[in-house]
There are 2 protein chains.
Amino acid sequence: MPEATVARLPVYLRALISLSERGTATCSSEELATAAGVNSAKLRKDLSYLGSYGTRGVGYDVEYLRYQIAREIGVTQDWPVVIVGIGNLGHALANYSGFSSRGFRIVALLDADPDRLGEVVSGLGIRAFDDLEGLVEDHGVAIGVIATPAPAAQDVCDRLVAAGVTSILNFAPAVLSVPDGVDVRKVDLSIELQILAYHEQRKSLADQTLAAELDGVVGA
Amino acid sequence: MPEATVARLPVYLRALISLSERGTATCSSEELATAAGVNSAKLRKDLSYLGSYGTRGVGYDVEYLRYQIAREIGVTQDWPVVIVGIGNLGHALANYSGFSSRGFRIVALLDADPDRLGEVVSGLGIRAFDDLEGLVEDHGVAIGVIATPAPAAQDVCDRLVAAGVTSILNFAPAVLSVPDGVDVRKVDLSIELQILAYHEQRKSLADQTLAAELDGVVGA
């Protein structure tokens, strides 16, 4: 499956969950494409990789397609996750409801600061970073989230990898080196703002053009 | 420009900034495509909308392409932004270095909780939500970020829109209704985790297959 299709599956899943919550039982590829913000030809191509073609004249069964995509992504299974670095962002992530609803179960919150130990966030006590290896082994943790300041991120990453973690979600503003076989994804919180800026710039250009045209009318 | 291309421009920009920071002056479409995680045919198609075709045998000039894309997105200009809801996530966003480096200038942090007023975060004092209208007018704010709990998000959104904000980045786990002409984008922090889960699932299937094959060898 192409990587770009993989990256769109969670977006389709989110759109299907919204449709499902609104009580929609079936949807056309156009409806789903609009909800997911892609064109419908691309959506149909993507879903064809899952062997899902919908029913002519009826469309897609929302619940079944939701299950198919969740299974393909792997979020029908339980993913134990550790979060390292429980500052403001770590707190926000620990409280974020969108992880558990997608199969990600936070099993531990770790921090290097002794002053934070024992503080309870979202039902979990913050533990020492040195507990990492035991936790990864006990819970079979494959995914680690790094929410530390940038200077600590590579050391934390190395310890996660040495402990057996093979997927890392990095919120720290740092580029991480990992050995082959380990996946890293970096969250850039400014990407969505940039997409808004693109449209905002066009709105203000359109307003200027309109104002200039009105000036022309008034002047004429 | 297709919406999918618009969504990839910030990803190309991020890759070009990394190349630039490593001192790379020119890059091939393959190098840039790999750095951005797309295929090179799609990259070339996307850049053709900007009238950017690179030079045969040389590739793209990193600094010039970076400027072209930044200009197209609109991040060469200054975007004043307000953040509403200064809990853990709001604090993390206020401290996030990736906004200011892309032209987004946080001009105000607003919260409805009187106990938070006056607290200084990243050089800005938290102000009352009721100061919103004056701030939007004084700074010409077009973009608002909502980092409140879900139940407050629609009311905050309505006030932002009434004050003249026309683009909203929503971190709250709530679906927002806005009038025509207002853009809303929702950040789903679990999307990247789901992409990791997809690959993680395949890694563990590959391990199981290998283990079964080794069992077969040992058994034979």
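Anything in the range A:178-197 that is more than 7 Å from chain B (Cβ to nearest Cβ) and at pLDDT below 85? List them, or say none. Can you show your working first?
At the first step, the residues of the range A:178-197 found to be more than 7 Å from chain B (Cβ to nearest Cβ) are A:178-182, A:184, A:186.
Listed by number, the list holds a single entry, A:186.
Within the set of pairs 6+ apart or on separate chains, which have a first residue in the range A:7-27 that is more than 11 Å from chain B (Cβ to nearest Cβ), a second that is acidic (Asp, Glu), and C-beta atoms under 7 Å apart?
Cβ pairs passing all conditions: A:20/A:63; A:26/A:61.
Name the single residue, out of those in the range A:14-32 being among the hydrophobic types (A, V, I, L, M, F, W, C) and modelled with pLDDT under 90, that is farthest from the chain's Cα centre (by Cα). Walk me through it before giving the result.
Initial filter on the range A:14-32 (among the hydrophobic types (A, V, I, L, M, F, W, C)): A:15-17, A:19, A:25, A:27, A:32.
Imposing the further condition that a residue be modelled with pLDDT under 90 reduces the set to A:15, A:17, A:19.
Working: A:15: 13, A:17: 15, A:19: 19 Å.
Within the range A:14-32, the match that is farthest from the chain's Cα centre (by Cα) is A:19.
Among (1) under 21 Å from the mean Cα position of the chain (by Cα); (2) within 21 Å of residue A:90 (Cβ to Cβ), there is one condition residue B:141 misses while meeting the rest; what is its number?
Exception for residue B:141: condition (2).
Tell me which helices (runs of 4 or more DSSP H) are completely within the range B:1-98 and hold 2 or more residues being crowded, with 22+ Cβ neighbours inside 10 Å and of a type in the set (Gly, Ala, Ser), or say none if there are none. Step through it out loud before you land on a result.
On the way: elements: B:3-21, B:29-36, B:40-48, B:62-73, B:88-94.
Helices (runs of 4 or more DSSP H) meeting the threshold: B:88-94.
Being crowded, with 22+ Cβ neighbours inside 10 Å and either touching a His at 6+ places or on another chain (Cβ under 6 Å) or not β-branched (Val, Ile, Thr) (or both), is that true of even one residue in the range B:115-131?
Checked the range B:115-131: no residue is crowded, with 22+ Cβ neighbours inside 10 Å and either touching a His at 6+ places or on another chain (Cβ under 6 Å) or not β-branched (Val, Ile, Thr) (or both).
Going by what's in this entry, would residue B:180 be described as surrounded by fewer than 17 Cβ atoms within 10 Å (Cβ to Cβ), charged (D, E, K, R) and either within 30 Å of residue A:204 (Cβ to Cβ) or touching a helix residue (DSSP H, G or I) at 6+ places or on another chain (Cβ under 8 Å) (or both)?
On the way: surrounded by fewer than 17 Cβ atoms within 10 Å (Cβ to Cβ): yes; charged (D, E, K, R): yes; either within 30 Å of residue A:204 (Cβ to Cβ) or touching a helix residue (DSSP H, G or I) at 6+ places or on another chain (Cβ under 8 Å) (or both): yes.
Against the criterion (surrounded by fewer than 17 Cβ atoms within 10 Å (Cβ to Cβ), charged (D, E, K, R) and either within 30 Å of residue A:204 (Cβ to Cβ) or touching a helix residue (DSSP H, G or I) at 6+ places or on another chain (Cβ under 8 Å) (or both)), residue B:180 qualifies.
Yes or no, residue by residue, for (1) within 11 Å of another protein chain (Cβ to nearest Cβ); (2) under 17 Å from the mean Cα position of the chain (by Cα); (3) farther than 27 Å from residue A:170 by Cβ; (4) touching a residue at least 12 places away in the same chain (Cβ under 8 Å):
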| position | (1), (2), (3), (4) |
| --- | --- |
| B:87 | yes, no, no, yes |
| B:93 | yes, yes, no, yes |
| B:122 | yes, no, no, yes |
| B:134 | no, no, yes, no |
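Residues of the range A:99-111 being surrounded by fewer than 17 Cβ atoms within 10 Å (Cβ to Cβ) and part of a loop (DSSP other than H, G, I, E, B), which ones?
The one that is surrounded by fewer than 17 Cβ atoms within 10 Å (Cβ to Cβ) and part of a loop (DSSP other than H, G, I, E, B): A:101.
Quick one: which of A:48, A:101, A:40 is closer than 30 Å to residue A:117 by Cβ and either hydroxyl-bearing (Ser, Thr, Tyr) or in the same structural domain as residue A:26 (by TED's automatic domain parsing) (or both)? Break it down into steps so the answer makes sense when it comes.
Working: A:48 fails: closer than 30 Å to residue A:117 by Cβ; A:40 fails: closer than 30 Å to residue A:117 by Cβ.
Testing whether each residue is closer than 30 Å to residue A:117 by Cβ and either hydroxyl-bearing (Ser, Thr, Tyr) or in the same structural domain as residue A:26 (by TED's automatic domain parsing) (or both) leaves just A:101.
Determine whether residue A:150 is of a type in the set (A, V, I, L, M), assigned by TED's automatic domain parsing to the domain that holds residue A:107 and at pLDDT 90 or above.
no
Residues of the range B:69-81 being more than 7 Å from chain A (Cβ to nearest Cβ) and either within 15 Å of residue A:189 (Cα to Cα) or in contact with a Pro (Cβ under 8 Å, 6 or more places away or on another chain) (or both), which ones?
First, the residues of the range B:69-81 that are more than 7 Å from chain A (Cβ to nearest Cβ): B:69-72, B:76-78, B:80-81.
If the condition is that a residue be more than 7 Å from chain A (Cβ to nearest Cβ) and either within 15 Å of residue A:189 (Cα to Cα) or in contact with a Pro (Cβ under 8 Å, 6 or more places away or on another chain) (or both), then B:81 is the only one that fits.
Are any residues in the range A:95-119 touching a strand residue (DSSP E or B) at 6+ places or on another chain (Cβ under 7 Å) and more than 8 Å from chain B (Cβ to nearest Cβ), and if so, which ones?
A:105, A:106, A:107, A:108, A:109, A:110, A:111, A:116, A:117, A:118, A:119
Quick grid of which residues meet (1) of a type outside the set (S, T, N, Q); (2) under 21 Å from residue A:194 (Cβ atoms):
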| site | (1), (2) |
| --- | --- |
| B:124 | yes, no |
| B:146 | yes, yes |
| B:150 | yes, no |
| B:166 | no, yes |
| B:169 | yes, yes |
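Mind listing whichever residues of the range A:178-203 are assigned to a loop (DSSP other than H, G, I, E, B), at negative phi and within 21 Å of the chain's Cα centre (by Cα)? First the steps, then the outcome.
From the range A:178-203, those assigned to a loop (DSSP other than H, G, I, E, B) are A:178-182, A:187-190; that's our starting set.
So of that shortlist, the ones also at negative phi come out as A:178-180, A:182, A:187-190.
Residues satisfying the conditions are A:178, A:182, A:187, A:188, A:189, A:190.
Which of the residues that make up the range B:146-177 are within 7 Å of chain A (Cβ to nearest Cβ), assigned to a loop (DSSP other than H, G, I, E, B) and closer than 19 Å to residue B:132 by Cβ?
Matches in the range B:146-177: B:166 only.
The values are calculated or read from the model by the stated rules, or taken from the named source; none is laboratory data. Bear in mind the structure is a predicted one, so any value in this text is a computation, not a measurement. Positions of Cβ are backbone-derived with ideal geometry, glycine not excepted, and every protein chain shown enters the neighbour counts.
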